[in-house]
1. For ARG434, are the conditions met, namely being basic (Lys, Arg), at pLDDT below 85, in a helix (DSSP H, G or I) and buried (at least 16 other Cβ atoms within 10 Å of the Cβ)?
2. Look through ALA459, ALA447, ALA436, ALA487 and report the one residue that is in the same structural domain as ASP330 (by TED's automatic domain parsing) and of a type in the set (A, V, I, L, M).
3. Confirm whether PHE198 is among the aromatic types (Phe, Trp, Tyr), outside any strand (DSSP E or B) and out of contact with any Phe, Trp or Tyr (no Cβ under 7 Å at 6 or more places or on another chain).
4. Considering only segment 321-344, state which residues are of a type in the set (Val, Ile, Thr), under 20 Å from LEU155 (Cα atoms) and part of a helix (DSSP H, G or I).
5. Out of all the residues in segment 88-125, which are surrounded by fewer than 17 Cβ atoms within 10 Å (Cβ to Cβ) and either small (Gly, Ala, Ser) or within 25 Å of LEU438 (Cα to Cα) (or both)?
6. Being crowded, with 18+ Cβ neighbours inside 10 Å and hydroxyl-bearing (Ser, Thr, Tyr) is the filter here, so list the residues in segment 36-71 that pass it.
7. Give the residue, chosen from ALA487, ALA497, ALA521, that is out of contact with any strand residue (DSSP E or B) (no Cβ under 9 Å at 6 or more places or on another chain) and not in a strand (DSSP E or B).
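The values are calculated or read from the model by the stated rules, or taken from the named source; none is laboratory data. Only a predicted model underlies this, so the values are computations on that prediction, with no experimental measurement involved. Every residue, glycine as well, gets a Cβ built from its backbone with ideal geometry; the counts of neighbours run over all protein chains shown.
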Amino acid sequence: MQVKFWGTRGSISASGPETMNYGGNTSCVEVRSRSGTLIVIDCGTGAYRLGRKLMTEFNGQVSGHMLITHTHWDHIQGFPFFAPYFVPTNEWHIYGPSGFGPSLNQALSGQMQYTYFPISMKYLGAQMQFHDLTEGTFKIGDIKIRAQYLNHPALTLGYRLEADGVSLVYSCDHEPYSHACALGQGEITGNDHDHAEFLADADLVIHDSQYTADEYETRVGWGHSTYEYAQKICEYAKVQKLIFTHHDPTRTDEQISSLVQHIQDRYGTGKLESSAAAEGRVINLKSNSNTYRIAPVSVKPVKDSQIEALSQTLTDIMTHAVLLTFGTEDEVASVTDIIKTDAIKIFIAQHANEVMRAIAEKPISLLVADMDLDLFDLKTVVSAIRQRVNEGGSSLPLIAVSSREMPDDAHKYPELKDWIIKPFSNEYLRTRIRAALLQEAGKWTQAPQIPGETARIAALQRFGLLSKTGLPKYDRLTRLVGTYFQAPICLITIVDAEMQVFLSNIGFDFNETPRDQSFCAHTILKKHILHVPDATEDPRFAYNPLVTGAPHIRSYAGAPVYLPSGHAVGTICIYDVKPRELTAEELTALQDFATLVDHELATEEVITETL
């Protein structure tokens, strides 16, 4: 994979004699895979020179793809000046965040209105297709892309690109969640840990670093990182190479060089190679050649089903409602005005019993709670949310607002999606609410209950299967499966009403998962093996926490196992952290192993009846 920088500046272009080394154009990066897939990330003023270079290189006939992180000016100002857009035989696909307000097409067209620009979008002659994205995973040519929301006062996506055996993460316009982490201090937990998971083990991370720790103190909430944070989190995520980018427009070449040296001397461990983005710089990731071509002119569009798995319509979002709890009438009024801007329904509760009752009974999709109030603590709210799920309701993401830093144990509560420190801007809170609702709307698919669920659960309880974990006879089977398939993770699972429990476990460092995260809950709905060669390409599983986070599952195969009564109670299954297509012979072998588990379960039944 080849990466070239065409724009490295943030906020506004800053060309001049003091910025000639690192460049004065705003964000734009060119990426080419070995097979010729061309992706442009962001379209700041640097896109002008890139477009002219492509036109010369390919005599005007060049098609490709453009990933927009968000539609703030410094990331789209080059859009009307990108020369390949003016050639009718070219085909370009434009991707970017949406879900509320104008579509990506409308937002990009807005800067070309009569008041601001001499020609409109219709004069761009190329075939243009726009794709509105939320979080998720999709594929462009041979490049697999994962999109994840960043922390910015506008819906902003970071992109992780994987091809040719290497990975690149572009994380521009992202603010640390923890104030201490922004200063290069403290532990990386909560949302910052999630961000580190997004960066984990990447060969190259291009990371926002507009400010220093000293400058950040007066720029909290502006949506940008510090040099100290970028270095700290990339070391934590075991990144191979870090490129600082989105340079502040006031920063001279000399100052940037001095800052990079300071960060390396004070914070670097020597394991992470870090440097500053410079216009014209080319990085070849594990390449054996400096020659990268462009794919043929005809670029096939991404499958509609792949985009639909990531995108949500505004109509879908309007069915959501937000529960608010704030201390003063002024705070309630202010936050209500923010949310009403997006025409989202609101419930307001200002007493502890009202909040708990609303969690249990109201058709809400998000809770925004002021944790400075003495109404409840984080543990109490999470317990109420889990009780809602146990009683058949949907899960409920939580945004906590507080004047205090996030507590150390917050990572134990997956329901907590955001911890926002006061004071915050209206734009910032609005964006975090939008992101939380879109994340909830775009969740992985939870398997429905199996027909005859009540009788199935009764059978589980009658035979006491959930208490039989760690028996040697089941461990022998999983060891055999692991040896046969050379799989790092092998399980015999039991799917209960709310949890999936492992009778035997090789490879996971936990012994149960929530049922709504369970691949096996889908398997027991079938009468045959469920085989998922690549979970990131399957809309049922692409955003499952076991896929997007540790242990980063990529492939799965499971065969249902049965009691003699005919109830499918669980599976014997294998997982891998890389894509894997099983052969027909391997699928038959997995079914044979499932038959052996059936025999062992029948023995459990005989023992139980004898007792």
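1. Numbers: basic (Lys, Arg): yes; at pLDDT below 85: yes; in a helix (DSSP H, G or I): yes; buried (at least 16 other Cβ atoms within 10 Å of the Cβ): yes.
Against the criterion (basic (Lys, Arg), at pLDDT below 85, in a helix (DSSP H, G or I) and buried (at least 16 other Cβ atoms within 10 Å of the Cβ)), ARG434 qualifies.
2. Within the list ALA459, ALA447, ALA436, ALA487, the selection yields ALA436.
3. Working: among the aromatic types (Phe, Trp, Tyr): yes; outside any strand (DSSP E or B): yes; out of contact with any Phe, Trp or Tyr (no Cβ under 7 Å at 6 or more places or on another chain): yes.
Here the answer is yes, as PHE198 does meet what is asked.
4. First, the residues of segment 321-344 that are of a type in the set (Val, Ile, Thr): 322, 325, 328, 332, 335-336, 338-339, 341, 344.
Next, only the ones that are under 20 Å from LEU155 (Cα atoms) stay: 322, 335-336, 338-339, 341, 344.
Residues satisfying the conditions are VAL335, THR336, ILE338, ILE339.
5. The answer is GLY101, PRO102, SER103, GLN106, GLY110, SER120, GLY125.
6. Scanning segment 36-71 gives THR37, THR45, TYR48, SER63, THR69, THR71.
7. ALA497
Conditions tested, residue by residue: (1) in contact (Cβ under 8 Å) with a residue 40 or more places away in the chain; (2) over 28 Å from PHE86 (Cα atoms); (3) outside any strand (DSSP E or B).
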residue: TYR114; (1), (2), (3): no, no, yes
residue: GLY125; (1), (2), (3): yes, no, yes
residue: MET128; (1), (2), (3): yes, no, no
residue: HIS131; (1), (2), (3): yes, no, no
residue: LYS139; (1), (2), (3): yes, no, no
residue: TYR170; (1), (2), (3): yes, no, no
residue: TYR177; (1), (2), (3): yes, yes, yes
residue: GLU187; (1), (2), (3): yes, yes, yes
residue: ASP192; (1), (2), (3): yes, yes, yes
